[in-house]
Amino acid sequence: MMDMNSYRDGLPPLDPKCFHILVSVAGGPSHGYAIRKEVESRTDGAVRLWPATLYGTLAELVEGGLLVETPSPAGEDDDPRRRYYALTAAGQRALAAEASRLEGMARTARRRLAAGSSS
Amino acid sequence: MSGSGSRIVRLAVACYDRALTILPASFLSRHRRELRSCFGALAREARGRGRFAVAGVLLRSLLDLVLRAPREHRIARRGRAALRGASRAATFGSGLGLDLRHALRRVRRQPAFTATTVLTLGLAMAAAITVLSLVHGVVLRPLPYPDSERLVVVDHAAPGLDVDDGLGMARGLWAHYRDGARTLEEIAIYRFTEPTWTGDGEPVRLRGVSTTPSLGAVLGVTPQLGRWLPDEDGERTGTGAVVLAHGLWQRRFGGSRAVLGSVLHLDGRPHEVVGVMPADFAFPDREVEVWLPWTVDTATLGGFNSKGVARLRAGSSQSAAATELRGLLPSLRDAYPGRTVEAYLDEARIVPLVVPLLERMVGGIRRTLWALWGAAGFLLLVAVANVTNLFLARTEEGARAIALREALGASRGRLYRGLVAETVLLAGTAGALALALAVLALRALRAGSPVPIPRLETVGVDPVVVAWSVGGGGLVAAVLAALPLLAGRRGLPARLEGARGNISTHSGLGLRRILVVLQMAAALVLLVGSGLLLRTYHNLRAVEPGFDTRSALAFEIGLPRARYPHRADAVRFHARLHRELATLPGVEDAAAVGQCLPLTGPCWGDVLLAEGRPVPESTSPPVAFFRTVTPGYHRTLGTPILRGRGLRAGDGADGGLRVAVVSAETARRLFPGRNPVGGRISTSAEGPWVEVVGVAADVKEDTLADEPHLVVYLPLTEGESPGPPPHKLHHVLRTSVVPTSLVPAVRRVVHELDPLIPVADLQTLEELVAEETAPAAFVSLLIGLAAALTSLLGIVGLYAVVAWSVSRRRREIGVRMALGARPGDVRWLVLGHGGRLVASGLALGLLGAGLATRVLRGLLYGVDPVDPVTFGAVALVLSAVAAAALVLPARRAARVDPSRVLAEEG
């Protein structure tokens, strides 16, 4: 089970699938299939979430308190049985922490690349 | 495209949905719908890219599913652990799982109760499943032929000869019925034959059937390989046809297709293999290895030496066919004018019989199976009664606990579910045990039944029977489970008080008493049945077969007509063999007999007349069996010669029939009140007449239970003699050593005389007699086992009820003793209480046995179905055992200490 405190400290790193799901939901409540579509198009098809992994991960994130199930946004949904997921405060913190961690790593990488090319 | 495309999507979704079940149920219950709809969306999306894309999505999703499933299971387990102890709204399903786990714990806590219940129910259910499978597989299951209910045996009775059935068919009748009967679609006749197969290695005697090729159309079965017998036998080409049984084909030809077209030498004549029958084809029985075409000569009527089988035309009834065949008989005179037809119609007065084939096949064993079924039914009833009793006893203990839990707020449904779970667990275990035992029992029976049971080889544990057993078991479980709740219909406070309540407030005792009475009655019925069968067995064992069974070996030698065309050739061969055998070391005496040995069925028969004793006009002459024997036959078999002398060397040496020995019954019937020696007999009023030189003791011809028959012993001669030619003879050796030790020597002697002749049917005379007593031994053993088990259960049930009632009545007994009753009085009180149960059970049982043993009538020999000695002895033994079972609780009751009981009460 995931412990949200570990995300705050940036350790251990968030699983890439979880990261992509959280990024997707950060844009507003969404349902499973839409999340998959969004992740797929955003990563140019590099990350594809197949159904069992998708719903398994969503369930874990809900259980870990990073996501919460919400009623479907009025007027938008065609299928009332669909579950919508929204980011919780803990989820926002975890996502922010992961983003900082990735940013830090990206900064390090760029610095080293720059140092290498100048030498 | 879109039609087939959407079908592919539907197929893929169904496939994915099926695969989803590898995920934990807790996860599925929340997400299955989403998983399916998500996959459906992916598949529909892929549809536009073609069916391979859909398949690709399916494969990818399945792979994802398989990779993900272990993680979900780990999570689900962790989740359960986290939830343990927390309150949760239980669905019925998981509640039942919980009930089962509780039940398992309860069952484990009481090993004695569990073992008793499971063993009692398991053994009884095993007996029931075995016997019901036999009844269903042998008696009720249709024969494996298309429209088998239209298959009938065409047989004849001959009231004029006192023959009720089994006369069979004559070849002329076959042609006559075939051409005349509208109710029959097709008719065939066949007879058994035992061709000797010579080829590579030892000559082998095969068991075969010669049949009109119409048999194929009658039964409507197609060969597995090749074709059925052709309508025309290869008389012209010189090569006959033969169809092989599946077993022979597998055994001797390794199941090779190349067997078709190969040539077998049967009785010295080439036969081409034209077909192989499927494994389940076993007509007329499983023993048959080859079917040969029988080209019937219909120019003459022929003798009654074949069997008939026919297929009724659709819509025709068996009685209509019988009526039609009877109507065809008068026209037989025009078809076959002459003396023979007159003898059949006027003297024998033949009557056609049309009997369903299935009934004819299983008729003999049906009575035995139903008797066993009755025994198994009783055993099952008593077992269920006993288990009910056990449950009732526990109910008393359980009722208070249930009342307590109910008072604490548990729902009745919830309590009932718990009880059901426990009973289901016990009944399920018992059922599994029963199924395993039944499978073993049937396998043992198939491996070697002491009783010839038709179709046994195809009998297995029957799914229908198992379904019934499971259904019945479930019902019993539900009822047993309901008992504590029923017992607890009284008000809650009364039940909470219940464990201390006295006898008068207790419900269930009445039912327990009734059950014990029924158990005693059932035990008595079965004991009487097994007693009667045991006496039958002993009576049969005590029957004098008319010959000495000790130290004697018998076997059969048949000579092929092709190489031994004349009577004289055969007689000379047998005479030489006889001489050689007599000189073997260890052989005291040797003899041979034509047709058949004693106890192997009625042989060749004909009417028999005594000179000077005309048969009255209104009656028909008696029929006698004829046996051709070598000199010294009676001495070798140990059959006493009562008057005159036995046949000796020189009798019939000139080729003519001059003398005969007759059986004692023949002497009584044909020569009443005078000495038959010197009298003359014949098969015809015109002679030739043969002089009676001796009277031999009666011998059991067909079965041990037989009435004595008329038998005429004639010397084996090279000249004409009544009966079939002497090509097949039974040789009998009286030995001074263990009979079977002579088998190699016998084979060697026969091989030296003619290497192409097989030695068949080797057996000792003791084995011959044992075959006769085996069915009675087998049935009495089985019913005896059932009776022993039932009695044991009945006695245990009796003991349990009385002991339990004593423990319940301790207070009452204590009060009585405090008021001055002596221990002896108390003992008698208990004995009287149990004695009344026993007496009622015995009375009911005797009544039931009087009715039930009628079923056994056909199985008994030398004892009446209501034999007072058996009834009395069984009742006496059962009451003695019952009394012994009552002594213990009676003594315990007498030892009750009033001061302690009353102190507990205070």
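The values are calculated or read from the model by the stated rules, or taken from the named source; none is laboratory data. Only a predicted model underlies this, so the values are computations on that prediction, with no experimental measurement involved. Positions of Cβ are backbone-derived with ideal geometry, glycine not excepted, and every protein chain shown enters the neighbour counts. Remember, those area values only see protein heavy atoms, side chains included, never the ligands or the DNA or RNA. Shrake-Rupley method; radii C 1.70, N 1.55, O 1.52, S 1.80 Å.
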Among (1) surrounded by fewer than 17 Cβ atoms within 10 Å (Cβ to Cβ); (2) modelled with pLDDT under 85, B:V737 falls short only on (2)
What number of residues in region B:56-75 are surrounded by fewer than 16 Cβ atoms within 10 Å (Cβ to Cβ) and either more than 10 Å from chain A (Cβ to nearest Cβ) or among the small types (G, A, S) (or both)? 5
Could you list all residues from region B:98-154 that are surrounded by 19 or more Cβ atoms within 10 Å (Cβ to Cβ), charged (D, E, K, R) and within 26 Å of B:W370 (Cα to Cα)? B:R150
Filtering region B:325-345 down to residues that are in a helix (DSSP H, G or I) and without any contact (Cβ under 8 Å) to a residue 12 or more places away in the chain, which residue is least open to solvent (accessible area, probe 1.4 Å)? B:A343
Scanning for something without any contact (Cβ under 8 Å) to a residue 60 or more places away in the chain and either closer than 26 Å to B:L599 by Cα or open to solvent by 50 Å² or more (accessible area, probe 1.4 Å) (or both), does region B:624-639 turn up at least one residue? yes
Checking the condition open to solvent by less than 20 Å² (accessible area, probe 1.4 Å) and touching a Gly at 6+ places or on another chain (Cβ under 7 Å), which residue from B:I813, B:I783 passes? B:I783
Expected single match for open to solvent by 40 Å² or more (accessible area, probe 1.4 Å), in contact with a strand residue (DSSP E or B) (Cβ under 6 Å, 6 or more places away or on another chain), in a helix (DSSP H, G or I) and over 30 Å from B:A103 (Cα atoms) among B:R191, B:R178 is B:R178
Can you work out which of the residues in region B:22-54 that are among the charged types (D, E, K, R) and touching a Pro at 6+ places or on another chain (Cβ under 9 Å) is modelled with the highest pLDDT? B:R36
Restricted to region B:155-175, and to residues that are of a type in the set (A, V, I, L, M, F, W, C) and in contact with a helix residue (DSSP H, G or I) (Cβ under 7 Å, 6 or more places away or on another chain), which residue is surrounded by the most Cβ atoms within 10 Å (Cβ to Cβ)? B:A158
Answer yes or no as to whether B:R400 is at pLDDT below 80 and touching a Lys or Arg at 6+ places or on another chain (Cβ under 9 Å). yes
For residues in region A:22-31 being on the phi < 0 side of the Ramachandran plot and outside any helix (DSSP H, G or I), which is nearest to the other protein chains (Cβ to nearest Cβ)? A:H31
Which residue pairs have Cβ atoms closer than 6 Å, lie 6 or more positions apart in sequence or on different chains, and pair a first residue in region A:35-62 that is of a type in the set (S, T, Y) with a second residue that is surrounded by fewer than 15 Cβ atoms within 10 Å (Cβ to Cβ)? none
For B:G650, indicate whether it is open to solvent by 10 Å² or more (accessible area, probe 1.4 Å) and under 30 Å from B:D165 (Cβ atoms). no
Residue in region B:1-14 that is out of contact with any His (no Cβ under 9 Å at 6 or more places or on another chain), hydrophobic (A, V, I, L, M, F, W, C) and in a loop (DSSP other than H, G, I, E, B) present: yes
Looking at region B:766-786, can you tell me whether even one residue there is in contact with a strand residue (DSSP E or B) (Cβ under 8 Å, 6 or more places away or on another chain) and under 30 Å from B:H265 (Cβ atoms)? no
Every residue from region A:32-52 that is within 12 Å of another protein chain (Cβ to nearest Cβ) and either open to solvent by less than 20 Å² (accessible area, probe 1.4 Å) or at pLDDT below 85 (or both): A:G32, A:I35, A:R36, A:L49, A:P51, A:A52
Here the residues within region B:2-54 that are under 57 Å from the mean Cα position of the chain (by Cα) and facing chain A (nearest Cβ under 9 Å) are B:Y16, B:L20, B:L23, B:F27, B:R30, B:H31, B:R33, B:L35, B:R36
A:G104 versus (1) modelled with pLDDT of 80 or more; (2) more than 14 Å from chain B (Cβ to nearest Cβ); (3) open to solvent by 30 Å² or more (accessible area, probe 1.4 Å): which is the lone unmet condition? (3)
Here the residues within region B:442-451 that are touching a residue at least 24 places away in the same chain (Cβ under 8 Å) and open to solvent by 40 Å² or more (accessible area, probe 1.4 Å) are B:P450
